[in-house]
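Enquirer: Here's a structure for you.
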Amino acid sequence: MSAEVELAAVLRPRDAAPARPLLPWRRIGRLGEGALPWLLPIALLALWFTGAEQGWISPQVLPPPQFVWETLRDLATSGDLWLHVSTSFNRVGVGFAAGTLLGLALGSAMGLSRSFETYVLPSFNALVQIPVLAWLPFVLLIVGIGEPLKYILIAKAALVPVALNTLQGFRQTPSALREVGQVYGYTRRQQVLEIVLPHAVPTLFTGVRLGFTKAWLSLVVVELVASSEGLGYLIVYGRQLFQLDLVMAAVIVVGVIGYAIDRLLDRLETSMRRREPGGAAP
């Protein structure tokens, strides 16, 4: 028997009974569960409309939804919105890519070497506790207020979850698989590439997803403080002019883009976990 067959035998899931067709009321129940996440946003939107029509809050404090929509439409028509969106995407793309690569390298090094983990992990955990804004003055003194400042802070935010999840993924490989690899005389490199890495990939992807979330939040924070372009700057600009419809429009764009990308990464993560050895069938 080959090593691949033996490894597959260790991880083969138990034969499951064929799925029964859902009854009509259960199908309706599942549709209802899918609608539950939308109840709160719809309720808040309805409250916003009602509050604006009834004059519960001054329009200067909370502009009506139609004003925000008109502002958003004007930004999109003039091209200003796409300029700020593309600037933010460029920043988060560069910073996120750099942070992900560094996080994968650092997490892999700690996962493959107990000694390296012993020396590095305590200091790494201490640095993790320092928020992005606390690093801003220090990095500002070194690289100035230009684009490298944004890239570094965004990369730092993405690096942390990627590195920690990479370490976790390398450490959670079943010992039975390692033993099978040793029995068949796998080299260190073969064990990493054929045993450890395939089982670590889903956890690594979880780290990448969390890393993007952190990077996106850090992008907005950095642009709020030190930028003249981008979605974060658009929020600050609207606040300075006391145009809260502009502020609300920019906040909505930030939320929609972040949510859409998170849902995409979530679907990819689910697909990766289904393909994991011993995982659920798609």
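The values are calculated or read from the model by the stated rules, or taken from the named source; none is laboratory data. Here the structure is a predicted model, which is why all the values come from computation and not from measurement. Here the Cβ is made from the backbone with ideal geometry for all residues, glycine too, and neighbour counts use every protein chain on show.
Enquirer: Looking at G111, G169, can you tell me which residue is surrounded by 14 or more Cβ atoms within 10 Å (Cβ to Cβ), modelled with pLDDT under 90, part of a helix (DSSP H, G or I) and in contact with an Asp or Glu (Cβ under 8 Å, 6 or more places away or on another chain)? So that I can check it myself, show each step before the final result.
Expert: On the way: G169 fails: in contact with an Asp or Glu (Cβ under 8 Å, 6 or more places away or on another chain).
Checking each option against the conditions leaves just G111.
Enquirer: Could you identify the single residue in L244, L264 that is of a type outside the set (F, W, Y), farther than 22 Å from P137 by Cβ and crowded, with 16+ Cβ neighbours inside 10 Å?
Expert: On the way: L264 fails: crowded, with 16+ Cβ neighbours inside 10 Å.
After ruling out the rest, the residue left standing is L244.
Enquirer: Pairs please, first residue from segment 117-140 and in contact (Cβ under 8 Å) with a residue 40 or more places away in the chain, second anywhere and among the hydroxyl-bearing types (S, T, Y) and surrounded by 11 or more Cβ atoms within 10 Å (Cβ to Cβ), Cβ atoms under 6 Å, 6+ apart in sequence or on different chains.
Expert: Partner pairs satisfying both residue conditions: V132/S218.
Enquirer: If you don't mind, another one. Would you point out the residue of segment 40-85, among those that are at pLDDT below 80 and of a type in the set (S, T, N, Q), that is farthest from V247 (Cα to Cα)?
Expert: Going through the qualifying residues, I end up with Q54.
Enquirer: Could you tell me whether D262 is closer than 28 Å to V196 by Cα, charged (D, E, K, R), modelled with pLDDT of 85 or more and out of contact with any His (no Cβ under 7 Å at 6 or more places or on another chain)? First the steps, then the outcome.
Expert: Values: closer than 28 Å to V196 by Cα: yes; charged (D, E, K, R): yes; modelled with pLDDT of 85 or more: yes; out of contact with any His (no Cβ under 7 Å at 6 or more places or on another chain): yes.
Taking the combined requirement at face value, the residue satisfies it.
Enquirer: Name the pairs: first residue in segment 92-116 and under 30 Å from I257 (Cβ atoms), second residue part of a helix (DSSP H, G or I) and among the basic types (K, R), Cβ to Cβ under 7 Å, at least 6 apart or on different chains?
Expert: From segment 92-116, the pairs are G95/K150; G99/K156.
Enquirer: For the structure I just gave you, tell me whether A215 is of a type in the set (A, V, I, L, M, F, W, C), over 30 Å from I235 (Cβ atoms), crowded, with 20+ Cβ neighbours inside 10 Å and within 22 Å of the chain's Cα centre (by Cα).
Expert: Working: of a type in the set (A, V, I, L, M, F, W, C): yes; over 30 Å from I235 (Cβ atoms): no; crowded, with 20+ Cβ neighbours inside 10 Å: yes; within 22 Å of the chain's Cα centre (by Cα): yes.
Taking the combined requirement at face value, the residue does not satisfy it.
Enquirer: Can you name the condition, by its number, that M110 falls short on among (1) in contact with a Ser or Thr (Cβ under 9 Å, 6 or more places away or on another chain); (2) under 24 Å from W216 (Cβ atoms)?
Expert: Of (1) in contact with a Ser or Thr (Cβ under 9 Å, 6 or more places away or on another chain); (2) under 24 Å from W216 (Cβ atoms), only one is false for M110: (2).
Enquirer: Follow-up question, since we're still on this one. Condition check: assigned to a helix (DSSP H, G or I), farther than 18 Å from F67 by Cα and of a type outside the set (A, V, I, L, M). Does G238 satisfy that? Steps first, answer last, please.
Expert: Values: assigned to a helix (DSSP H, G or I): yes; farther than 18 Å from F67 by Cα: no; of a type outside the set (A, V, I, L, M): yes.
So G238 fails the test.
Enquirer: When segment 71-91 is examined, which residues are found to be more than 13 Å from E229 (Cβ to Cβ) and in contact (Cβ under 8 Å) with a residue 40 or more places away in the chain?
Expert: Answer for segment 71-91, where residues must be more than 13 Å from E229 (Cβ to Cβ) and in contact (Cβ under 8 Å) with a residue 40 or more places away in the chain: T71, L72, L75.
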